[in-house]
Amino acid sequence: MAIYLDHAATTPVHPEVKEAMLPYLEQQFGNPSSIHGFGREIRNAVDRARDQIAGALHAAPGQVIFTSGGTEADNLALIGVARALREQGKDHVVTTQIEHHAVLDTCEFLEEIGFRVTYVPVDATGLVSMNELRQAVDDRTALISVMYGNNEVGTLQPVEEIGAFAREQGILFHSDAVQAFGVEPLDVQRLPVDLLTISSHKINGPKGVGALYVDRDVPLRPLAHGGQQERRRRAGTENVPGIVGFGRAAQIAMGNREQYREHTSRCRQAMLEELESAGVTFTVNGHPERHLPHILNLSFPGADTEVMLMNLDLEGIACASGSACTSGTLELSHVLKAMHLPDEILRSAIRFSFGRGNTEEEVRQAAQTIAATVKRLTEQSK
Amino acid sequence: MVYLDNSATTQPDPEVIRVMSDVMRDIYGNPSSLHGLGGKAERLLKQARETVARILGVSPQSLVFTSGGTEANNTAIKGVAYQHRGRGRHLITTQVEHAAVYEVCRQLEKWGWEVTYLPVDQQGRVRPEDVAAALQEDTVLVSVMHVNNEMGTVQPIPEIGRLLQDYPKVLFHVDAVQSIGKLEVRPREWGVDLMSFSGHKFHGPKGVGCLYVREGVTLSPLLVGGGQEGGFRSGTQNMPGIVGFTKAAVLAEQRRAEAVPRMYRWKQEMIEAVTDRLQDVRINGDTSEKGGAPHILSLSFPGLKSEVIVHALEEKGVAVSSKSACSSKGEEPSRVLKAMGLDDETAVGSIRISTGADNRDEDIQRGIEALTAVIPRLQHVMKGGS
């Protein structure tokens with residue numbers, strides 16, 4: 001049986017989530033836009049899920065737009081705000097060098113359509129430089145987009161500080177909270193964010209659904225046209241079973257958030273302890289304190305990432321080089337590069353990410369296998 | 001409740017639900033992950049793509065899974081318009097497209113593109129010669145739906161595709177969301193460059209669709225960041241949804257030969273019943289076996305309000321729709337029916353009855369009974385009777 005240590009890539013669907021979805025595949029199949037009873041009942045289910053998501057963020061239901069996932073939510077946030085604010089003469093976006101590709105590639109697209117984008121650097125722990133961020137904005141900056149917690153190294157960004165700065169400057173602030181949702185306390189009443197991206201399949205919900213929180217008065221142009229769904233901000237028949245599953249997953253995640261944090265922290269700690277006692281050489285990438293509890297990015301100098309991944313896979317340990325979304329490629333991580341880590345650290349980095357199904361026991365077992373593999377590979381290369 | 005609103009959405013087939021449920025339980029990996037669990041998901045994704053490709057007679061590489069028909073249409077039209085904006089900024093479509101095409105074109109107009117909306121004849125059909133006449137030096141895309149979602153008229157797609165062969169720089173997009181399981185769909189043979197599909201219209205799940213992009217066609221993606229789906233559509237693939245879509249497509253294709261004559265017979269029975277037993281009824285669109293889709297019937301009752309009819313039928317246990325579900329909340333008369341020459345009064349009194357693979361003869365009988373009971377009563381009330 002494989003040990004799955006890649007929860008930052010995707011998570012298994014919680015059995016209760018699946019149970020919640022099935023009625024909306026079976027009998028409750030109507031189109032929520034239909035005016036007959038089949039449609040109305042489905043509309044209610046979508047509304048309940050919206051309440052669940054809004055509740056998890058302390059938002060109002062009307063501030064939640066369901067999307068097909070985190071990528072679409074990021075695209076919608078950036079392009080939607082940029083297009084709307086261009087009408088007011090804004091043509092600049094500030095982001096960081098370590099965002100998920102869903103944000104970075106969208107920024108590239110914005111550059112193609114005439115926006116200027118500043119990619120703020122980070123330090124060696126992956127923390128964004130507040131000074132550089134402050135200097136990056138100008139009077140035509142429409143939006144600042146900084147992720148809540150990094151998906152590769154787990155570093156938590158100073159979102160409160162960035163948000164407060166953005167407010168002061170009258171600039172809108174978006175945060176990709178895909179990895180933080182279900183783990184960190186995300187309270188939009190307290191957090192100075194205007195837009196926030198979350199995704200279902202990272203919290204034991206189904207794939208194919210996500211959401212964008214959008215504060216009132218935030219101007220947003222839709223990405224997809226052709227239908228009045230989601231208050232005209234996202235056209236297309238709602239993925240009802242997906243939305244219902246996402247709502248249920250969020251509800252479960254909120255109920256267990258503290259235990260989940262403790263659990264994943266213990267798994268992370270167990271991995272570190274075992275590797276240390278096994279006497280292998282490794283470094284931890286990311287911030288020593290300000291990090292998501294479920295992500296652990298390690299480098300084993302001398303053990304090439306690709307070779308390690310292959311060997312660990314054969315040993316039944318599923319982990320990742322970085323983001324799964326750099327779609328099957330083994331390019332060097334843009335995040336680690338932005339942290340200016342030495343080449344041997346870059347080339348031997350592995351991301352372990354823990355989740356609901358893991359036990360401390362299996363993590364220790366995995367760590368021993370990892371240690372043995374590292375020793376074997378580094379001794380071979382000597 | 002008898003469900004006769006299958007053009008709005010359909011009930012997923014039990015086999016579809018079963019495969020989706022299995023995928024959710026067993027194959028939860030991210031297909032982009034390099035480890036074994038990711039590999040398992042990736043193989044399943046590959047299989048799904050190959051299966052759909054076989055059904056459509058296209059190459060697996062030419063299929064892009066999306067979150068639905070609306071996203072597929074948006075990707076195709078905006079993607080081509082934007083990618084080829086240097087070559088030209090003119091698009092041709094029709095007055096009877098689904099909102100997911102029509103509204104996209106309206107949006108492009110706001111962004112500086114020029115769009116020609118071709119008229120249709122009284123049956124709702126566009127004339128290929130009008131397409132030819134509308135072509136300009138700077139035309140980059142022609143977008144015409146296959147089956148109209150409001151009245152079922154089938155558009156002359158192969159003819160338009162043939163005439164566009166002489167204009168290799170003009171791309172041809174077809175919204176075929178209503179077609180799978182009812183009509184044969186051959187994008188390659190028809191000279192189509194882009195074609196949109198939606199899972200929940202043929203007993204598959206909501207939240208998943210597909211866009212055929214002929215190999216060699218380039219477009220600017222609607223969603224970026226990750227590079228999945230050959231770079232045409234980023235975002236972690238909705239694995240259960242894609243597998244459900246594929247299973248539904250296989251079943252729809254297997255059942256088509258026996259389902260279509262049955263749906264067509266139902267349509268004829270309904271037409272006969274309403275013409276025999278009701279007054280002041282108009283049947284919209286082409287209802288011939290070749291010219292109309294077998295599953296959609298559009299009826300108009302001038303003087304009545306479609307929403308009132310829908311609710312009255314619902315009380316009798318029959319679900320139909322006023323027009324497209326995607327615009328069913330508006331009070332305005334249907335743009336599509338008006339384009340066919342219906343006056344406002346007739347258009348606002350229109351309903352759509354649409355059958356699915358899971359309907360039975362009894363459903364149609366109950367539908368006919370409900371219609372023939374409800375309509376005369378409403379007409380009587382409207383004429384000031386007691």
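The values are calculated or read from the model by the stated rules, or taken from the named source; none is laboratory data. The structure presented is a predicted model; accordingly, all values stated were derived computationally and were not measured. Cβ sites come from the backbone with ideal geometry, for glycine too, and all protein chains shown count toward neighbours. Each accessible area value is taken on the protein alone, full model and side chains, heavy atoms only, with ligands, DNA and RNA left out. Shrake-Rupley method; radii C 1.70, N 1.55, O 1.52, S 1.80 Å.
Working note: Cα gyration tensor of chain A, eigenvalues times five, square-rooted, sorted largest first, giving semi-axes of 35, 27, 17 Å.
Taking chain B as a Gaussian network, where each spring joins two C-alpha atoms under 10 Å apart, which residue of B:23, B:142, B:243 fluctuates the most? For chain B, modelled as a Gaussian network with Cα springs under 10 Å, the answer is B:23.
The candidates A:340, B:311, A:92, B:98, arranged from most to least accessible area with a 1.4 Å probe in the full protein assembly, appear as A:340, B:311, B:98, A:92. Taking all protein chains together and rolling a 1.4 Å probe, residue B:190 ends up with roughly 40 Å² accessible. With the whole protein complex present, residue A:4 retains an accessible surface near 10 Å², based on a 1.4 Å probe.
Judged by the ratio a/c of the largest to the smallest principal axis of the C-alpha gyration tensor, region A:162-271 counts as oblate, that ratio being 1.5 or greater while a/b is no larger than b/c. Taking every protein chain into account, the 1.4 Å probe leaves residue B:71 with about 10 Å² of accessible area, to the nearest ten. The simple spin-label model puts a point 7 Å past each Cα toward its Cβ; for residue A:217 and residue B:1 those points are separated by 4.1 nm. Choose one answer from B:280, B:121, B:166: the residue with the largest mean-square fluctuation in a GNM of chain B with alpha-carbon springs under 10 Å. So, out of B:280, B:121, B:166, the one fluctuating most is B:166. For region A:112-139, the residues whose backbone nitrogen is under 17 Å from a point 7 Å from the Cα of residue A:161, taken along Cα to Cβ, are A:120-137. Axis of helix B:99-110 versus longest Cα principal axis of chain B: the two differ by about 70°, to the nearest ten degrees.
Note down the net charge around residue B:36, summing +1 for each Lys or Arg and -1 for each Asp or Glu among other residues with Cβ under 11 Å from its Cβ.
Counting the neighbours of residue B:36, the net charge comes to -2.
Quick check: with the 1.4 Å probe, what order do A:47, B:130 take by accessible area, largest first?
Largest accessible area first, the list is A:47, B:130.
The alpha-carbon atoms of the protein assembly as shown, seen along their principal axes, cover 89, 51, 51 angstrom, with the largest extent given first.
Axis angle, to the nearest 10 degrees, between helix A:101-112 and the longest C-alpha principal axis of chain A: 60 degrees. Among the listed pairs A:207/B:247; A:90/A:207; B:169/B:323, those whose Cα-Cα separation exceeds 28 Å are A:90/A:207; B:169/B:323.
Take the Cβ-Cβ distance between residue A:124 and residue A:278 as r, set R0 to 45 Å, and report the resulting FRET efficiency rounded to the nearest 0.05. With R0 = 45 Å, the Cβ-Cβ based efficiency is 0.95. Return the tail of the calculated pair distribution for chain B, meaning the percent of Cα-Cα pairs more than 33 Å apart. Everything past 33 Å amounts to 32 percent. Within the shell defined by Cβ-Cβ distances under 14 Å, the residues around residue A:121 carry a net charge of -1, with Lys and Arg each +1 and Asp and Glu each -1. At a Förster radius of 51 Å, what calculated FRET efficiency corresponds to the Cβ-Cβ distance of residue B:271 and residue A:259, to the nearest 0.05? Here the calculated transfer efficiency is 0.25.
Take each residue in B:192-203, count the other chain C-beta atoms within 10 Å of its C-beta, and the mean is 1. The modelled label-to-label distance between residue B:55 and residue A:360, using points 7 Å beyond Cα along the C-beta direction, is 4.9 nm.
How many angstrom lie between the Cα centre of region B:1-67 and the Cα centre of region A:330-379? Rounded to whole Å, the Cα centres lie 32 Å apart. Working from label points 7 Å from Cα in the Cα-to-Cβ sense, the residue B:362 to residue A:169 distance is 6.7 nm.
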